[in-house]
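Below is one structure; the comments refer to it alone.
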Amino acid sequence: MNLPEHLPKAELHLHIEGTLEPELAFALAARNGVDLPYADTEELRRAYRFDDLRSFLDLYYALMTVLRTADDFAELADAYLARAAAQGVRHAEIFFDPQAHTDRGIPLGTVVEGLARALERSEERHGVTTQLIMCFLRDRSAEAARETLDAAKPYLRHIAGVGLDSAEVGHPPAEFREVYEAAAALGLRKVAHAGEEGPPSYVREALDVLGVERIDHGLRAMEDPELVRRLVRDRVPLTLCPLSNVRLRAVDLLEDHPLKAMMDAGLLVTVNSDDPAYFGGYVGDTFHAVREALALTEDDLRRLARNSFEAAFLDHDEELRARYLAEVDAYTFD
């Protein structure tokens with residue numbers, strides 16, 4: 001059956017560490033001799049309730065302690081890719097947070113090589129093409145970000161771009177100007193989280209100071225009509241994460257989410273899952289949820305799917321992009 005949530009799509013805002021399901025967390029904890037402060041998976045799932053971004057990040061980083069070996073990272077990524085493929089994902093651009101691992105003594109090479117092992121066999125195993133985007137933690141220093149970029153140089157054959165994530169408020173994009181300039185000099189693509197909890201000015205900074213090509217989230221751009229006009233004019237993609245916005249209290253109810261208003265304004269928005277193990281669903285689940293909550297039409301869903309491929313970093317293979325867009329156009333809803 002061709003369900004709307006199985007529409008072919010790209011996922012462009014996905015943190016691989018945020019796909020750590022409780023069952024895998026406990027399996028890896030047992031494998032690596034890590035004691036989790038939860039009796040079982042159900043107790044851990046009950047902990048997945050958050051007041052804001054900071055409360056989520058506290059649990060998010062704590063659970064990463066189970067990820068120790070390249071095999072662990074490969075298993076984590078392969079599990080995500082299998083779920084994503086089952087929900088219509090044809091291309092995924094995957095974030096990872098190297099500092100969250102190197103700060104606890106896990107070598108960067110262990111992380112990248114484990115993830116790359118899963119990504120390199122993804123098209124054959126799951127029918128999903130992939131790219132890997134390395135994020136800097138904005139609540140660490142710009143100097144630490146530069147050290148991370150330097151440490152990543154031996155692994156750049158596996159890394160397509162850089163991003164900026166973690167706690168946004170009080171950590172404006174401009175702090176990371178120099179490391180983004182260095183990343184651009186290495187030929188890396190540039191994205192950044194902005195306008196989730198931070199103000200519209202953070203979106204402007206990400207564009208004007210960091211020179212990013214996509215804005216991750218960008219929810220609060222709607223507060224600035226001039227900024228909206230610019231984003232529409234320049235066709236700047238916004239990678240929205242509606243279920244995440246509700247779980248982290250950026251939006252009270254999914255029915256209140258500005259996704260449809262942003263589409264009506266002409267913005268190039270995409271729908272993504274962010275940290276699906278924590279926020280209640282993968283990208284197909286998110287498509288289903290916003291379709292129901294916002295009364296999206298089949299044309300709306302098809303437009304969101306087309307947007308995802310148009311916003312993807314597929315410039316190196318326009319034939320592949322065209323093939324994916326043709327799949328969207330040919331898809332029939334039952």
* Paramagnetic label zone (point 7 Å from Cα along Cα-to-C-beta, GLU213; backbone N under 18 Å) in region 3-26 -> 10-14
* To do: Quote the FRET efficiency, to the nearest 0.05, computed for GLU298 versus VAL169 with a Förster distance R0 of 45 Å and r equal to the Cβ-Cβ distance.
  => 0.75
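Hey, got the dipole for region 4-330? About the Cα centre, +1 on K and R Cβ, -1 on D and E Cβ, debye to the nearest 20? Write out the running numbers ahead of the final one.
Numbers: 37 positive and 60 negative charges, 93 e Å.
Rounded to the nearest 20 debye, it is 440 debye.
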* To do: Would you mind ranking SER201, SER141, SER166, SER122 so that the residue whose beta carbon has the fewest other beta carbons within 10 Å leads the list?
  => SER141, SER201, SER166, SER122
* To do: Would you mind ranking SER55, SER244 so that the residue whose beta carbon has the fewest other beta carbons within 10 Å leads the list?
  => SER55, SER244
* Would you mind computing Rg(Cα) / (2.2 N^0.38 Å) for region 4-330, counting N as its residues? => 0.92
* Asked: How much length, in nm to one decimal, is gained on full extension between GLU23 and ARG125, taken as 0.36 nm per residue of separation minus their Cα-Cα distance?
  -> 34.5 nm
* Could you work out the mean projected area of the convex hull around the alpha carbons of region 220-287, in square nanometres to one decimal? => 4.4 nm²
* Asked: Can you list the HN-Hα couplings for region 128-137, worked out from phi with the Karplus curve (6.51, -1.76, 1.60; θ = phi - 60°), rounded to whole Hz and with x for Gly and Pro?
  -> 10, 7, 9, 9, 10, 10, 8, 9, 8, 7
* Structure fact -> Log entry: pair-distance distribution for region 258-313, C-alpha pairs binned every 5 Å from zero, whole % per bin is 4, 19, 29, 27, 16, 5, 0
* Asked: Gap in Å between the Cα centre of region 307-334 and the Cα centre of region 101-155?
  -> 26 Å
* Mind listing P(r) for region 16-160? All alpha-carbon pairs, 10 Å bins, whole percents. -> 11, 39, 37, 13, 0
* To do: Read phi for every residue in region 18-28 and hand back ³J(HN,Hα) as whole Hz from Karplus 6.51 cos²θ - 1.76 cosθ + 1.60, θ = phi - 60°, with x for Gly and Pro.
  => x, 9, 6, 6, x, 4, 5, 4, 5, 5, 5
* To do: Return the lysines within reach of LYS9: Cα separation strictly under 24 angstrom, same-chain partners fewer than 8 residues apart disregarded; answer none if there are no such residues.
  => LYS190, LYS260
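From the mean inverse distance of alpha carbon pairs (Kirkwood) and the Cα radius of gyration, derive Rg over Rh for region 133-214.
Rg/Rh for region 133-214 comes to 0.94.
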* To do: List the residues whose amide H sits under 5 Å from the amide H of THR130, counting only those 5 or more places along or on another chain, with H placed 1.01 Å from N in the peptide plane.
  => ALA92
* Asked: So which trypsin sites (Lys or Arg not before Pro) in region 171-262 end up in coil per DSSP with only 15 or fewer other C-beta atoms within 10 Å?
  -> ARG235, ARG249
* To do: Tell me which residues come under 5 Å, amide H to amide H, from VAL269 once H is placed; ignore anything under 5 positions away on its chain.
  => LEU238
* Assuming a ≥ b ≥ c are the square roots of the Cα gyration tensor eigenvalues, decide whether region 189-334 counts as rounded (a/c under 1.5), prolate (otherwise, with a/b larger than b/c) or oblate. => oblate
* Structure fact -> A correct Stokes-Einstein calculation for region 74-198, using the alpha-carbon Kirkwood radius, 37 °C and 0.692 mPa s, returns a whole-number D in µm² s⁻¹ of 217 µm²/s
* To do: May I ask you to list the trypsin sites (Lys or Arg not before Pro) in region 1-89 that are in a DSSP loop and have at most 12 other Cβ atoms within 10 Å of their Cβ?
  => ARG49
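All of the numbers you see were taken from the coordinates with simple rules; none came from a lab. This is a predicted model, so every value here is computed, not measured. Here the Cβ is made from the backbone with ideal geometry for all residues, glycine too, and neighbour counts use every protein chain on show.
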